[in-house]
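Remarks on the structure that follows.
Derivation of every value follows stated rules applied to the coordinates shown; laboratory data play no part. The model shown is predicted, which means the values in this text are computed figures rather than measured ones. A quick note on method: Cβ atoms are made from the backbone with ideal geometry, for glycine too, and the neighbour counts reach across all protein chains shown.
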Amino acid sequence: MSATDDLYREIILEHFKNPRHRGRLSQPDLTAQGTNPFCGDELEVTLRLKGETLEEIQVQGKGCSISQASASMMTEAVQGKTLAEVETLTKKFKAVMLEGAPFDLPADMEDLQSLEGVKKYPVRIKCAILSWNTLLEGIEAHRKGQKAASHVEGEEGEHPALAEQVAKETPAPSSSPSAREEESLAAQVQAALKEVIDPELNINVVDLGLVYDTQVQDGNVQVTYTLTSPGCPLGPVIKGQMSAMLGRLPWVKKIETTLTWDPPWDPKTMASEEAKTELGIW
Ligand code: ZN
């Protein structure tokens, strides 16, 4: 992997971790919702306008690192610009992503160039342009005198049913005290395992998706985990680290670790957004 790829991943990850202009404006002049059912990304863009100028923008949402980082970069690029400038900029960025146009955006927007590497992955292009399409849709609605707009990434026709299906419902909090206690112990186990770093990849085993299952009962902790490859020479190191970190929890009486190869580790589906970005998996 080239040094440029490394740098680009760092820029994307930095925006994902520290998104700019994050939040929701109170009493916005315009609100635009965007969803990308292909990946589950969701965004809400709120704008304050002063005449034809985009005076302030805030974005909140959830989803993959590409969608959230692109939205963060967008807020920096468009705030303070006129709506016509924003439209031109959006078209230019989309031309880079969708048509392979050369990157020719002002120097203060160079962070956006980091998203160019995503072009090779058509599914992720939708993630990268979601915030921009959502903003465009909002500007269009504003021109028609509306205050709200929504955009669904994909075919030009909208698929609200699909978006709804993808929107994940948050599970209701469990109410019984023992269930709450178990949840808190499970969270402590997760936190302890997050201290276990795969020395080869320098990412913790939880974010890598190596921990398949944890069970807590009467002070006994059972961990089912895998390794990045069957030939991984670091197996004993990782097992030892898991026992050491879990052993620090005052209530833990017994630790059982079980190594499994079923299913084989697949970072594409198992690793966290941060880990995937660090590994360069889009
Ligand atoms: Zn995405």
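Structural remarks
- Extended-chain gain in nm, criterion 0.36 nm per residue less alpha-carbon gap, Gln190 and Leu259: 23.1 nm
- Cα gyration tensor shape of segment 50-131, rounded if a/c is under 1.5, else prolate or oblate by comparing a/b with b/c: oblate
- Taking each residue as 0.36 nm, the span from Ser178 to Leu98 lengthens on full extension beyond its C-alpha to C-alpha distance by 23.6 nm.
- MRE, 222 nm, helices only [DSSP H, n ≥ 4, -39500 (n - 2.57), over the chain, to nearest 500]: -13000 deg cm²/dmol
- By the count of neighbouring beta-carbon atoms within 10 Å, fewest first, Glu181, Glu116 end up ordered Glu181, Glu116.
- Sites Glu52 and Asn202 - FRET efficiency at Förster radius 45 Å, r taken between beta-carbons, to 0.05: 0.40
- 5 angstrom amide H check on Leu49, placed H, neighbours 5+ away: Asp29, Glu55
- With the convex hull constructed from alpha-carbon coordinates only, segment 175-250 shows a mean projected area of 5.2 nm² over all directions.
- 25 Å Cα-Cα threshold exceeded, pairs from Lys62/Lys126; Lys62/Lys194; Lys81/Lys120; Lys17/Lys254: Lys81/Lys120; Lys17/Lys254
- Electrostatic tally near Gln58: other residues with Cβ closer than 13 Å to its Cβ, Lys and Arg +1, Asp and Glu -1, net -1.
- From phi via Karplus (6.51, -1.76, 1.60), per-residue ³J(HN,Hα) for segment 139-151 in Hz, x at Gly/Pro: 5, 4, 4, 4, 5, 8, x, 9, 10, 9, 8, 9, 9
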